[in-house]
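Heads up: the structure comes next, in C-alpha cells.
The values are calculated or read from the model by the stated rules, or taken from the named source; none is laboratory data. All values derive from a computational prediction rather than experimental measurement. Note that we place each Cβ from the backbone using ideal geometry, even for glycine, and neighbour counts take in every protein chain shown. The protein model used for the area step is the full one, side chains on, heavy atoms only, and it has no ligands, DNA or RNA in it. Shrake-Rupley method; radii C 1.70, N 1.55, O 1.52, S 1.80 Å.
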Amino acid sequence: MYGMPNRPTAQPFPSDAFADVLAANDLYASTFLHSELTGRAREGLAIVTCMDSRIEPLSIVGMQPGDVKIIRNAGARVTDDVLRTLLLGSHLLGVKRVLVMPHTDCKMASGTEDEMHEAIYEASGVDARSIEIRTIRDQEAALRTDVLRIRTFPLLPEDLVVAGAVYDVDSGKLLPRDY
C-alpha cells in the first residue's frame, strides 16, 4: 500500500495524452516573440502565489513575460524550496522585491491536514500521510508568517522588499496587508 508502484524509469513520451498541449504549443511557437528575454526579472519582482488556475499573476499586476519571477505552490506557502528559489532570484536574476499572494476561496484553507489526507485517500486510495500538505486554518496568520519568513531569512539581501496581499478570485482585486 505504501511506496511507489513499480514503474519503468524511462518511457516514451505519451503523445496521445498530450496531443492538445503539443498542438497548442505548435501554434504558440509559430508566433513566438520572446526570444530576446534573458531570464532576469526585468521589473525586479518575484511573486509567490498558489497553483490555482484562476490566478494569472502577470495580468493581475499588469506585467509581461520577462518582468517577474513567478513561484507557485499549493496555498502560496513560503517553503524551503521557495526560499531556495528566492535566494537564486535575488542574487542572480534581478529580484529586488517579493509579493506573497495567496487568494480567497483556496482549497488549502478549506480543511485540516487530516481532512485533506482523507480526501486524497477517498478519491484515489493513496495514503499520502508521509507528505505534509500544509493546510491553512488561518490564512491571515499564514500570510503574516510567510512574509516574516522571507524578511528574516539570513541568506537573502537585507534590502529585499517583501509584502503580502490577498488576491480576491471573485473581484480580481489585490488586497494589500500591513505586516
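Here are a few things to note about the model shown:
- Residues of the range 35-82 that are of a type in the set (Ser, Thr, Tyr), under 15 Å from VAL147 (Cα atoms) and in a loop (DSSP other than H, G, I, E, B): THR79 alone.
- Pick from the range 67-126, criterion of a type in the set (Asp, Glu) and free of Cβ contacts under 8 Å to residues at least 60 places away in the same chain, ranking: nearest to ALA141 (Cα to Cα): GLU113
- Among residues of the range 89-102, those that are touching a Pro at 6+ places or on another chain (Cβ under 9 Å) and open to solvent by 90 Å² or more (accessible area, probe 1.4 Å), counted: 2
- Filter pass, ASP114 being over 11 Å from the mean Cα position of the chain (by Cα) and not aromatic (Phe, Trp, Tyr): yes
- Of the candidates THR85, THR9, THR79, the single residue that is among the β-branched types (Val, Ile, Thr) and loosely packed, with under 10 Cβ neighbours inside 10 Å is THR9.
- Failed condition for GLY3, given (1) at pLDDT 95 or above; (2) farther than 29 Å from CYS106 by Cβ; (3) small (Gly, Ala, Ser): (1)
- Among the criteria (1) buried (at least 17 other Cβ atoms within 10 Å of the Cβ); (2) touching a residue at least 40 places away in the same chain (Cβ under 8 Å); (3) among the hydrophobic types (A, V, I, L, M, F, W, C), the one LEU174 does not fulfil is (1).
- Candidates LEU160, LEU143, LEU156, filtered to the one that is at pLDDT 95 or above, closer than 16 Å to THR49 by Cβ and not hydroxyl-bearing (Ser, Thr, Tyr): LEU143
- Taken over the range 103-133, residues that are touching an Asp or Glu at 6+ places or on another chain (Cβ under 8 Å), surrounded by 14 or more Cβ atoms within 10 Å (Cβ to Cβ) and part of a loop (DSSP other than H, G, I, E, B) amount to 3.
- Checking GLY164 against (1) part of a strand (DSSP E or B); (2) closer than 27 Å to LEU87 by Cβ; (3) free of Cβ contacts under 8 Å to residues at least 40 places away in the same chain, the condition it does not meet: (3)
- For the range 57-74, taking the residues that are more than 16 Å from ARG97 (Cα to Cα) and exposed (fewer than 12 other Cβ atoms within 10 Å of the Cβ), the one that is modelled with the lowest pLDDT is identified as PRO65.
- For first residues located in the range 27-48 and at positive phi, partners that are among the aliphatic types (A, V, I, L, M) and surrounded by 10 or more Cβ atoms within 10 Å (Cβ to Cβ) and lie 6+ apart or on another chain with Cβ distances below 7 Å form the pairs GLY39/LEU93; GLY44/VAL95.
- The range 134-158, residues that are in contact with a helix residue (DSSP H, G or I) (Cβ under 9 Å, 6 or more places away or on another chain), aliphatic (A, V, I, L, M) and part of a helix (DSSP H, G or I): ALA142, ILE150
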